[in-house]
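The values are calculated or read from the model by the stated rules, or taken from the named source; none is laboratory data. No experiment lies behind these values; they were computed from the predicted model shown. Reconstructed Cβ throughout: ideal geometry from the backbone, glycine too, with neighbour counts over all protein chains shown.
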Amino acid sequence: MLKGKRVIVTGASSGIGEQMAYHLAKMGSHILITARTEEKLKKVVAQCTHLGAASAHYIAGSMDNLTFAKQVVHKAENLFGGLDMLILNHIGHTYFGYFDGNVDHVRDLLKINFLSYATMTVAALPMLKISNGNIVVVSSVAGKIGLPLTVPYSTTKFALDGFFSSLRMEFIQQKTNVSITLCIISYIDTDSALKTVSGVIQQPAAPKEECALEIIKGGFLRKREVYYQYHATKIPLLLRDWAPEILQSLLLMNYNMDNFQRKEV
Ligand SMILES: NC(=O)C1=CN([C@@H]2O[C@H](COP(=O)(O)OP(=O)(O)OC[C@H]3O[C@@H](n4cnc5c(N)ncnc54)[C@H](OP(=O)(O)O)[C@@H]3O)[C@@H](O)[C@H]2O)C=CC1
Ligand SMILES: C[C@H](CCC(=O)NCCS(=O)(=O)O)[C@H]1CC[C@H]2[C@@H]3C(=O)C[C@@H]4C[C@H](O)CC[C@]4(C)[C@H]3CC[C@]12C
């Protein structure tokens, strides 16, 4: 579906982002990936080339630097002469634990998980307007429903919903033919998530390879939102506004706090 298309994937040195890069490579896309760790990015690029990417490139840096966020988009412009799909997926480090009162951390995480997404969107918009392209934003159940142990993270994911859902409405009014797909994702078996929550979260983790493909498909099909896995995201969301107390009880049953220890993610 994305043969020859020009795609940026952020947070692609590991986890779901890495798997998205491999799917895009198999589809024959031109890919620019980014994250902080150059050694990992080099390996992912080599694998993408092996899998059949039309071309594969990387740029290493941290999204706490908004100048770097713009540079990523400019690199795509220089390499590809345009852009068809912007996949925003990276997240900064946080903790899995009760809110510790550190508001500075919330502000720093907002910069990485939210402001860099907005910055890259603004920089990429002229190219995406020309290609009638797609913006894909990877969020979480924790960006739609308040959950315990993820206060700073959840804050940043709710911010994405506010920004991108409003922007989507403006695009419709202004007849801007750029799609925005917000991806509502449940618990996925990436190394970082398993290391952080296994033992505490009772539900099984869904496979990252399938999750990555559903995100790409949703973006290509210009869906408003992607729900993965459907039952673990859409049903809680339906309950959210109609039976919030029932949802609260169901969600809390999912947590085994006997095994809980605060972890850095
Ligand atoms: N796994 C899960 O259970 C769920 C995940 N999600 C969402 O899916 C997405 C991917 O998550 P997942 O694959 O698990 O995460 P990973 O921890 O596996 O990957 C995170 C990526 O972000 C990069 N990154 C970290 N810090 C920075 C930074 N400061 N600047 C730039 N890049 C950075 C990491 O690379 P490096 O360290 O090299 O910079 C890595 O490539 C996220 O948006 C997450 O919110 C949503 C719901 C559930
Ligand atoms: C366990 C959470 C999902 C709970 C839920 O909604 N269940 C619904 C099914 S039910 O109605 O039958 O109960 C997980 C949802 C999102 C996860 C978090 C996430 O978004 C990614 C984080 C980033 C990092 O990689 C570490 C793990 C995460 C904190 C991760 C933890 C598990 C979730 C909260």
Q | Yes/no for ILE130 being farther than 30 Å from LYS263 by Cα, aliphatic (A, V, I, L, M) and under 13 Å from the mean Cα position of the chain (by Cα) | A | no
Q. Under the condition of being assigned to a loop (DSSP other than H, G, I, E, B), of a type outside the set (S, T, N, Q) and more than 8 Å from ligand 1 (Cβ to nearest atom), which residue from the range 181-213 is nearest to LEU149 (Cα to Cα)?
A. VAL200
Q: Select from the range 121-132 the residues that are within 16 Å of ligand 1 (Cβ to nearest atom) and either farther than 16 Å from SER179 by Cβ or modelled with pLDDT under 95 (or both) and list them in ascending order.
A: ALA123
Q) Can you tell me which residues in the range 214-241 are in a helix (DSSP H, G or I) and touching a Leu at 6+ places or on another chain (Cβ under 8 Å)? A) ILE216, PHE220, PRO236, LEU239, ARG240
(Q) Pull out all pairs, ordered by first then second residue, where Cβ-Cβ is under 9 Å, the residues are six or more apart or on different chains, the first lies in the range 92-107 and is without any contact (Cβ under 8 Å) to a residue 12 or more places away in the chain and on the phi > 0 side of the Ramachandran plot, and the second is within 13 Å of ligand 1 (Cβ to nearest atom) and assigned to a strand (DSSP E or B). (A) none
**Q.** Test set (1) under 17 Å from HIS231 (Cα atoms); (2) crowded, with 18+ Cβ neighbours inside 10 Å - ALA193 fails condition number
**A.** (1)
Q. Considering only the range 47-61, how many residues are loosely packed, with under 14 Cβ neighbours inside 10 Å and over 14 Å from GLY28 (Cα atoms)?
A. 0
**Q.** Residue that is nearest to ligand 1 (Cβ to nearest atom), among those in the range 141-161 that are among the β-branched types (Val, Ile, Thr) and over 13 Å from ILE91 (Cβ atoms)
**A.** VAL141
Q: Only one of these is over 14 Å from the mean Cα position of the chain (by Cα) and in a loop (DSSP other than H, G, I, E, B): TYR58, TYR98. Name it.
A: TYR98
Q) Picking from LEU213, LEU221, which residue would you name as being at pLDDT 95 or above, among the aliphatic types (A, V, I, L, M) and out of contact with any His (no Cβ under 7 Å at 6 or more places or on another chain)? A) LEU221
Q. From the residues in the range 167-216 that are under 18 Å from the mean Cα position of the chain (by Cα), of a type in the set (Ser, Thr, Tyr) and more than 16 Å from ligand 2 (Cβ to nearest atom), which one is farthest from HIS90 (Cα to Cα)?
A. SER179
(Q) Among the numbered criteria (1) buried (at least 20 other Cβ atoms within 10 Å of the Cβ); (2) of a type in the set (D, E, K, R); (3) not in a helix (DSSP H, G or I), which one does ASP64 miss? (A) (1)
Q: Would you be able to tell me the number of residues in the range 85-120 that are away from ligand 1 (no atom under 15 Å from the Cβ) and surrounded by 23 or more Cβ atoms within 10 Å (Cβ to Cβ)?
A: 1
